[in-house]
Amino acid sequence: SQTIHQWPATLVQPVGSPLSLECTVEGTSNPNLYWYRQAAGRGLQLLFYSVGIGQISSEVPQNLSASRPQDRQFILSSKKLLLSDSGFYLCAWSKTRFTGELFFGEGSRLTVL
Amino acid sequence: GQQLNQSPQSMFIQEGEDVSMNCTSSSIFNTWLWYKQDPGEGPVLLIALYKAGELTSNGRLTAQFGITRKDSFLNISASIPSDVGIYFCAGPPYNNNDMRFGAGTRLTVKP
């Protein structure tokens, strides 16, 4: 069966520090991968998606970047965090991009102070 | 145009009561999905709907894909404390777009 894991689960970082959140999927090959952000009390905002190694599409311009160095690995990064980057970050995967069900990781809560 | 309008934003109900929430959009959707998110965790898929008019149940949960393909509802019967959480509707709008999510309905069940 397929599993998805992301880490760290919780992160407290000072403004201006770098960020790296990692996500891996097991039990499937060539998944579509996604990073979402959930602000407190709000819905899910799509940040990045990837249909293959090295292929990254950004939904919104921002202080973050994503990379996919391996088929089942998706990384969310920032060189310098802003206060507004605080939130709950969710990695997800799907078999098909446009009609597929999304399967989410456990989430990473980032607090920027 | 591709936004999902989910209502109500929050609900406070007594254990044993039935719950109803819905999602609407001005765009046509090919698929409607309903997720539940427990506090501090990622959303988990509850029900997936693929055809207009489809009515699907999963235990005490029932969801329907609207005939116009622009809306969906989720009902929970005989609520229990573990139903607490945030419920999201989601779907890919027609003509190749990634999954869009409603803002969520936060459900509180009082024992």
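The values are calculated or read from the model by the stated rules, or taken from the named source; none is laboratory data. The model shown is predicted, which means the values in this text are computed figures rather than measured ones. Glycine gets a Cβ as well: all are built from the backbone with ideal geometry, and neighbour counts include every protein chain shown.
Things worth noting here:
- Filtered residues of segment B:31-75 (kept if more than 14 Å from chain A (Cβ to nearest Cβ), within 28 Å of residue A:35 (Cα to Cα) and part of a loop (DSSP other than H, G, I, E, B)): B:70
- Options B:63, B:78, B:52, B:48; residue that is under 13 Å from the mean Cα position of the chain (by Cα) and either surrounded by fewer than 18 Cβ atoms within 10 Å (Cβ to Cβ) or at pLDDT 95 or above (or both): B:63
- Filter result for residue A:105 (without any contact (Cβ under 8 Å) to a residue 12 or more places away in the chain and surrounded by 19 or more Cβ atoms within 10 Å (Cβ to Cβ)): no
- In segment A:27-113, counting only strands (runs of 3 or more DSSP E) that sit wholly within it, the ones holding 3 or more residues that are within 14 Å of chain B (Cβ to nearest Cβ) span A:32-38, A:44-52, A:55-58, A:87-94, A:108-112.
- In segment A:46-76, the residues that are hydroxyl-bearing (Ser, Thr, Tyr) and either free of Cβ contacts under 8 Å to residues at least 12 places away in the same chain or more than 20 Å from residue B:42 (Cβ to Cβ) (or both): A:57, A:58, A:65, A:67
- Scanning segment A:48-87 for residues that are closer than 30 Å to residue B:10 by Cβ, at pLDDT 90 or above and either out of contact with any Phe, Trp or Tyr (no Cβ under 9 Å at 6 or more places or on another chain) or surrounded by fewer than 20 Cβ atoms within 10 Å (Cβ to Cβ) (or both) returns A:82, A:83, A:84, A:85, A:86, A:87.
- Scanning segment B:97-106 for any residue that is within 13 Å of chain A (Cβ to nearest Cβ), polar (S, T, N, Q), more than 12 Å from the chain's Cα centre (by Cα) and closer than 21 Å to residue A:46 by Cβ turns up at least one such residue.
- Among residues that are within 14 Å of another protein chain (Cβ to nearest Cβ) and on the phi > 0 side of the Ramachandran plot, residue B:16 is not included.
- Residue match in segment B:15-25 (condition: closer than 24 Å to residue A:92 by Cα, part of a loop (DSSP other than H, G, I, E, B) and at pLDDT below 95): yes
- Matching entry among B:74, B:49 (being under 26 Å from residue B:110 (Cα atoms) and either in contact with a Leu (Cβ under 9 Å, 6 or more places away or on another chain) or touching a residue at least 12 places away in the same chain (Cβ under 8 Å) (or both)): B:74
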